[in-house]
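So the structure is just underneath, and the comments pick up after that.
The values are calculated or read from the model by the stated rules, or taken from the named source; none is laboratory data. These numbers were taken from a predicted model, which means no experiment stands behind them. Every residue, glycine as well, gets a Cβ built from its backbone with ideal geometry; the counts of neighbours run over all protein chains shown.
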Amino acid sequence: MLTAFKRIPRTLPLLAIALITAPASSSDAPPTVNIAAGTLSGIHDARTGLDEFKGIPYATPPVGPLRWKPPQPVATWTGTRQADRFGPRCMQSPIYSDMVFRSNGVSEDCLYLNVWTPAHGANAKLPVLVYFYGGGFSAGDGSEPRYDGASLAQRGIVTVTVNYRLDVFGFLALPELAAESPEHATGNYGLLDQNAALRWVKRNIAAFGGDPNQVTIGGESAGSMSVSAQMASPLSKGLMQRAIGESGAMLGNLKPRPRALAERQGKDFERQVGAHSLVQLRAMDAQALLKAADKKDVPEFRPTIDGYFLPRSPEAIYQAGEQAHIPLLVGSNSQEGYYTALLDDKTPTLANYHAAMNKQFGAHAAEALKLYPASNEAEVKASATTYEGDQFIAFATWRWMNVHRQTGQAPVYYYYFVQPRPAKRDGSAGPDAGSVHSGEIEYALGNLAGNTVFAWTDADHRVSDLMQDYWANFIKTGNPNGAGMPEWPATASKDGGLLRQVIGVDTHVTVDRNAARAEFLQRTDPNAHL
């Protein structure tokens with residue numbers, strides 16, 4: 001199911017990012033907005049011309065008796081609340097070395113969002129992007145500079161980043177929690193947080209100049225998986241009009257846990273920490289719970305088919321055409337995985353490759369080797385890298401694209417991002433061979449300048465400008481195309497494959513013929529019955 005998320009941090013070289021961000025400059029009179037809960041005071045950035053509002057609460061802090069409860073409406077306040085700095089990030093361990101935060105520490109009190117807007121007043125009716133961060137549902141934060149909303153906001157979009165509960169705090173499932181729930185549901189508190197944020201946007205975004213009826217949801221990795229789940233959930237229908245998924249979906253081999261399994265794992269965890277009741281669990285120190293959840297023998301806390309937010313698996317919902325019928329821009333990168341993971345760091349010989357594929361597929365190994373062929377060391381590296389990328393996240397992304405294309409009654413724009421990051425500025429590493437997992441984020445959101453680890457070239461900036469234009473056009477119209485840009489057709493069958501946009505220095509349309517690989521992985525998935 002989601003074991004790949006546990007494997008990736010240990011097997012892929014996650015690159016540390018050193019980011020230098022200057023404080024926003026403020027005018028004498030900070031911008032203010034009136035929302036349902038009260039008045040907010042933000043920051044006007046004279047360099048960008050944007051108004052920024054950070055650390056806005058969208059729900060009551062989920063602490064004490066509200067731990068493992070669906071998000072509750074935020075309390076109103078009197079006077080003016082300062083929204084000039086990021087709120088705390090949700091409880092998490094520092095497991096990803098490429099995450100840099102501007103947030104105010106770590107806390108269970110973390111249900112905050114951030115808004116960048118080019119509008120200086122209400123009712124401008126600008127399109128809106130709500131972006132969910134990645135991090136395997138175990139880490140991440142809306143303050144990360146790679147998700148900064150300023151660049152897209154300068155293209156006429158009200159941009160929002162959202163914090164949501166993670167790990168054991170976001171996804172613990174227990175029979176006792178279901179028993180106290182009016183909907184008899186348990187787990188998925190992090191996904192319910194995202195839904196609450198979308199409802200907040202629907203109610204309040206006009207005050208920031210956004211159009212509540214022109215909302216695009218987007219995200220990368222676990223954030224992209226979240227987008228696929230929000231589209232599937234009956235609770236979120238009508239809250240978004242378009243969707244962007246960057247590498248990830250809750251279909252294929254990344255489907256959510258069955259509720260019975262999630263509840264068994266929750267009971268095992270309860271016993272491990274020595275708790276005998278919900279009262280005791282809710283009274284436990286948050287850091288102690290997080291430390292216990294991070295032990296190697298504890299299954300990862302992940303989304304669940306809870307019968308409420310997800311009445312059935314997303315796979316079944318999409319196959320039945322019951323998802324939100326909205327345009328989807330979706331794709332993955334050229335190096336989502338790396339051959340060393342499959343070979344367990346052994347030499348990339350044909351013998352080692354065949355042994356590894358036999359271990360993975362057993363009786364299906366011969367078929368796998370036809371789909372991921374190799375006759376020399378270079379081909380072993382290429383095919384093993386392709387397989388690892390598919391198995392990690394590209395296959396699930398393909399599955400989402402293909403099923404929504406068939407049943408979603410809306411255009412799908414499918415991409416393949418190939419631009420490798422350049423050499424590091426300090427000379428410690430050369431350019432990546434391909435576009436690694438998460439490598440597209442700074443390009444798509446316009447945040448290359450905030451990442452000072454890499455020696456970005458003019459070519460990188462050109463690719464970023466084009467990608468931002470595609471993303472911005474899609475957010476505004478549901479179609480990424482625009483004047484003077486390489487044409488990006490909606491996905492459709494052609495010449496035995498599907499049309500797909502290759503995005504990089506040479507951006508062009510190709511015919512993707514990877515359906516056989518995806519169908520093989522679907523058929524041989526050991527968790528296909530779940």
Pull up segment 418-441, narrow it to residues that are of a type in the set (K, R) and surrounded by fewer than 19 Cβ atoms within 10 Å (Cβ to Cβ), then point me to the one that is nearest to G252 (Cα to Cα). K424
Search result, residues across segment 442-461 that are surrounded by fewer than 18 Cβ atoms within 10 Å (Cβ to Cβ) and among the acidic types (D, E): D458
For the structure I just gave you, tell me whether D98 is of a type in the set (D, E, K, R) and in contact with a Gly (Cβ under 8 Å, 6 or more places away or on another chain). no
Just checking, how many residues over segment 293-324 are surrounded by 16 or more Cβ atoms within 10 Å (Cβ to Cβ) and more than 30 Å from Q406 (Cα to Cα)? 4
Under 7 Å by Cβ, and 6 or more places apart or on different chains, what pairs join a residue from segment 406-435 that is under 30 Å from T491 (Cβ atoms) and of a type in the set (K, R) with one that is assigned to a strand (DSSP E or B) and at pLDDT 95 or above? R421/F454
In this structure, is G190 out of contact with any Cys (no Cβ under 9 Å at 6 or more places or on another chain) and either crowded, with 22+ Cβ neighbours inside 10 Å or among the β-branched types (V, I, T) (or both)? no
Suppose the filter is surrounded by 23 or more Cβ atoms within 10 Å (Cβ to Cβ), within 29 Å of L251 (Cβ to Cβ) and more than 20 Å from the chain's Cα centre (by Cα); does Y415 pass it? no
Cross-chain or 6+ apart pairs with Cβ under 7 Å, segment 119-148 first and without any contact (Cβ under 8 Å) to a residue 60 or more places away in the chain and under 30 Å from G105 (Cα atoms), then in a loop (DSSP other than H, G, I, E, B) and of a type in the set (V, I, T): A139/I95; E144/V100
